[in-house]
Amino acid sequence: MFSSLFSKPASAEERRIRAWCRKTLGITPKNLPLYRQALRHRSARSGNGADLDDNERLEFLGDAVLDTVVGQFVYQQYADQGEGFLTRMRSKLVSRHQLSILAKKVEIEQVMEVKIGHGQHTSVPGNAMEALVGALFLDKGFERTRTAVIKLITTHFDLKVVEQEDRDSKSRLLEWGQKQRRKVVFVLREEHDHGRGKQFVAEVHVDGKAAGSGTGHSKKRAEQEAARDASRNLRLPGVAKPDPITERPSPAGAAAPHRRRKPKQAGKARGPVARPKPASEGATE
């Protein structure tokens with residue numbers, strides 16, 4: 001009787017997706033093609049799949065739903081914490097880094113449709129997690145989505161460990177700007193990385209002056225790298241100071257730090273240093 005409420009799997013692929021959703025999300029999909037779309041990267045649309053929809057629109061929706069669900073979760077979980085802490089925790093839990101970890105834990109790549117080589121799609125599984133949340137919201141509504149997302153978070157993450165992480169440099173930098181009454185702006189542009197896909201370049205401007213820069217294959221990663229670079233250059237509390245030997249100069253126009261040259265090795269390290277002989281004398285062993 002109730003089987004008519006659910007779309008029957010039309011292929012082995014859809015059967016695999018339905019079984020994975022039951023195991024991972026604790027739900028039985030009603031609209032299986034919607035979940036399949038959520039798990040389809042745009043690279044899978046080439047050739048015979050050119051007329052299929054990819055997951056980018058669902059990723060947009062899932063991003064908004066995640067922000068709401070996780071925002072409500074941290075608000076209730078940390079009743080004694082202020083806005084700054086709640087903002088950081090939400091940002092960390094919905095960050096691309098954290099979503100990629102979650103995607104690996106639930107083995108989402110087993111049910112994804114993607115046609116790009118290994119090592120070139122580090123953010124793709126995390127993007128698919130966002131799209132999956134969008135599909136879940138359309139298929140089951142907000143409450144079922146909220147329950148599934150919170151279960152994923154509490155099952156696969158130790159919140160105490162996440163609290164100690166300091167990966168969301170952008171949120172921390174923006175919070176610093178608000179407290180110090182400094183204007184922090186992120187400027188983003190897109191470049192092409194010699195045939196390996198899109199490469200984004202982000203710059204951080206503080207009070208109109210460039211303070212840091214970063215690159216990445218996603219906008220979020222480029223902005224995080226730029227925020228981390230700016231935080232080091234501004235020497236914000238809790239950020240490792242730049243190493244004068246290995247760090248590149250900031251784009252703010254600051255002069256490069258003095259580099260000390262290592263002395264050339266001259267024989268044994270111990271013992272008196274021999275006086276150099278005149279050029280006319282030959283070298284001895």
Seminar exercise, completed: Being in contact with a Pro (Cβ under 9 Å, 6 or more places away or on another chain) and either within 16 Å of T24 (Cβ to Cβ) or modelled with pLDDT of 90 or more (or both) narrows K151, K104 down to just K104
Problem set entry | Conditions (1) at pLDDT 85 or above; (2) open to solvent by 60 Å² or more (accessible area, probe 1.4 Å); (3) touching a helix residue (DSSP H, G or I) at 6+ places or on another chain (Cβ under 6 Å); number of the one not met by R228 | (1)
Seminar exercise, completed: Of all helices (runs of 4 or more DSSP H) fully inside region 62-158, the set with 3 or more residues that are touching a Lys or Arg at 6+ places or on another chain (Cβ under 6 Å), touching a residue at least 12 places away in the same chain (Cβ under 8 Å) and open to solvent by less than 20 Å² (accessible area, probe 1.4 Å) is none
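Hey, could you check region 159-191 for residues that are basic (K, R) and open to solvent by 50 Å² or more (accessible area, probe 1.4 Å) and say which is farthest from Q76 (Cα to Cα)?
R189
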For this session: Please work out which one of (1) in a helix (DSSP H, G or I); (2) within 21 Å of the chain's Cα centre (by Cα); (3) modelled with pLDDT of 85 or more is the condition Q178 fails and give its number.
Result: (2)
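Please specify each residue of region 19-33 satisfying the condition of being over 13 Å from A135 (Cα atoms), open to solvent by 50 Å² or more (accessible area, probe 1.4 Å) and not small (G, A, S).
First, pick out the residues of region 19-33 that are over 13 Å from A135 (Cα atoms): 19-20, 22-24, 26.
Checking which are open to solvent by 50 Å² or more (accessible area, probe 1.4 Å) leaves us with 19, 22-23, 26.
Within region 19-33, R22, K23 qualify.
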Problem set entry | Selection status of V74, touching a Leu at 6+ places or on another chain (Cβ under 6 Å) and over 26 Å from K198 (Cβ atoms) | yes
Problem set entry | Candidates R36, R15, filtered to the one that is at pLDDT 90 or above, in a helix (DSSP H, G or I) and exposed (fewer than 14 other Cβ atoms within 10 Å of the Cβ) | R15
For this session: Return a yes/no flag: does region 87-101 have any residue that is touching a helix residue (DSSP H, G or I) at 6+ places or on another chain (Cβ under 7 Å) and more than 24 Å from L173 (Cβ to Cβ).
Result: no
Exercise. Among the residues of region 148-184, which ones are closer than 23 Å to G214 by Cβ and among the β-branched types (V, I, T)?
Worked result: V162, V184
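The values are calculated or read from the model by the stated rules, or taken from the named source; none is laboratory data. These numbers come from a predicted model, not from an experiment. Glycine also receives a Cβ, built like all others from the backbone with ideal geometry; neighbour counts cover every protein chain displayed. Calculation scope for accessible area: heavy atoms of the full protein, side chains included, ligands and nucleic acids excluded. Shrake-Rupley method; radii C 1.70, N 1.55, O 1.52, S 1.80 Å.
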